[in-house]
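Working notes for the structure below.
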Amino acid sequence: MLQSLIGNSSGELPKALQHLMREPEQPYHFRSNVMTPMMQYNVQRILHCPYQGIIKRTYLEGKVLELLALLLEQEAEIHMGSRTQKPLKSGTLERILYARDLLLQQMDNPPSIAELARLVKLNEYALKRGFLQVFGKPLFAYLHDYRLEQARQLLETGEMKVSEVAQKIGFASRNHFAAAFRKKFGINPKEYLMQHKHSF
């Protein structure tokens, strides 16, 4: 399975993970890895899956693959001698996740870091450090990417103009939105909209 997921065209794994493969006579590889905040987050999403039927199955398969990716990333770091981050303190993960939810609920007019820290009862340093540890990017970089992904999905429906999409996701300027969209997706939002309008 590993070879099919992450191997090259010959089935060879990246160097940092080759030690996971074994010959039949070799012992299995064991390691007690650290449960990171992002792993905890995915486990919670699996345990509290909000969907049913085929959607549930697809959702759970995606979360399991995310967990596998996080585990393999940690395994590669350990094998290559990289330092792993210390786990977050008890209760901090929940506050970081709450901060993310608040940020996305108000993405058209997000709170400042100081205000967000006050709302989730963390100091600013702990909030910024924890958010980076859990989501792999700073708060407003995460929000920026989320906005653009939402914009892409809205444009795909073909139901809104580019200016309406820009306003909905919190960009005051259509030009700034167009530049950010082009930088992330390599195409102008108007062109992206037209492509999907023609596909309906």
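The values are calculated or read from the model by the stated rules, or taken from the named source; none is laboratory data. What you are looking at is a predicted structure, and each value in this text was computed from that prediction instead of being measured. No Cβ is skipped: glycine too gets one built from the backbone with ideal geometry, and neighbour counts run over all protein chains shown. Note: areas computed on protein heavy atoms with side chains; ligands, DNA, RNA excluded. Shrake-Rupley method; radii C 1.70, N 1.55, O 1.52, S 1.80 Å.
How many residues does segment 101-123 contain that are open to solvent by 20 Å² or more (accessible area, probe 1.4 Å), in a helix (DSSP H, G or I) and touching a residue at least 24 places away in the same chain (Cβ under 8 Å)? If you could, list the steps in order and put the result at the bottom.
Taking segment 101-123 as the starting set, the residues that turn out to be open to solvent by 20 Å² or more (accessible area, probe 1.4 Å) are 101, 104-110, 112-115, 118-119, 121-123.
Add one more test, that the residue is in a helix (DSSP H, G or I), and what stays is 101, 104-105, 113-115, 118-119.
Filter once more, keeping what is touching a residue at least 24 places away in the same chain (Cβ under 8 Å): 104, 113.
Within segment 101-123, residues that are open to solvent by 20 Å² or more (accessible area, probe 1.4 Å), in a helix (DSSP H, G or I) and touching a residue at least 24 places away in the same chain (Cβ under 8 Å) number 2.
Evaluate the following for residue 36: is it modelled with pLDDT of 85 or more and open to solvent by less than 90 Å² (accessible area, probe 1.4 Å)? Explain how you work it out, then say what you get.
Working: modelled with pLDDT of 85 or more: no; open to solvent by less than 90 Å² (accessible area, probe 1.4 Å): yes.
Against the criterion (modelled with pLDDT of 85 or more and open to solvent by less than 90 Å² (accessible area, probe 1.4 Å)), residue 36 does not qualify.
If you check 126, 151, 166, which single one turns out to be under 21 Å from the mean Cα position of the chain (by Cα) and either over 23 Å from residue 42 (Cβ atoms) or without any contact (Cβ under 8 Å) to a residue 12 or more places away in the chain (or both)? Working first, answer last.
Working: 126 fails: either over 23 Å from residue 42 (Cβ atoms) or without any contact (Cβ under 8 Å) to a residue 12 or more places away in the chain (or both); 166 fails: under 21 Å from the mean Cα position of the chain (by Cα).
After applying the criteria, what remains is 151.
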Next on the checklist: Just to be sure before I move on: is residue 127 closer than 27 Å to residue 71 by Cα, assigned to a helix (DSSP H, G or I) and either at pLDDT 90 or above or hydrophobic (A, V, I, L, M, F, W, C) (or both) in the structure I sent?
Outcome noted: yes
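Every residue in segment 130-144 that is open to solvent by 20 Å² or more (accessible area, probe 1.4 Å), in a helix (DSSP H, G or I) and either at pLDDT 90 or above or closer than 17 Å to residue 112 by Cα (or both), please. I'd like the intermediate steps shown before the answer.
Let us first name the residues in segment 130-144 that are open to solvent by 20 Å² or more (accessible area, probe 1.4 Å), namely 132-133, 135-138, 140-142, 144.
Going one step further and asking which of them are in a helix (DSSP H, G or I), we end up with 132-133, 135, 140-142, 144.
If the condition is that a residue be open to solvent by 20 Å² or more (accessible area, probe 1.4 Å), in a helix (DSSP H, G or I) and either at pLDDT 90 or above or closer than 17 Å to residue 112 by Cα (or both), then 132, 140, 141, 142, 144 are the ones that fit.
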Checklist entry - Looking only at segment 69-95, which residues are polar (S, T, N, Q), modelled with pLDDT of 70 or more and within 16 Å of residue 43 (Cβ to Cβ)? => result 74
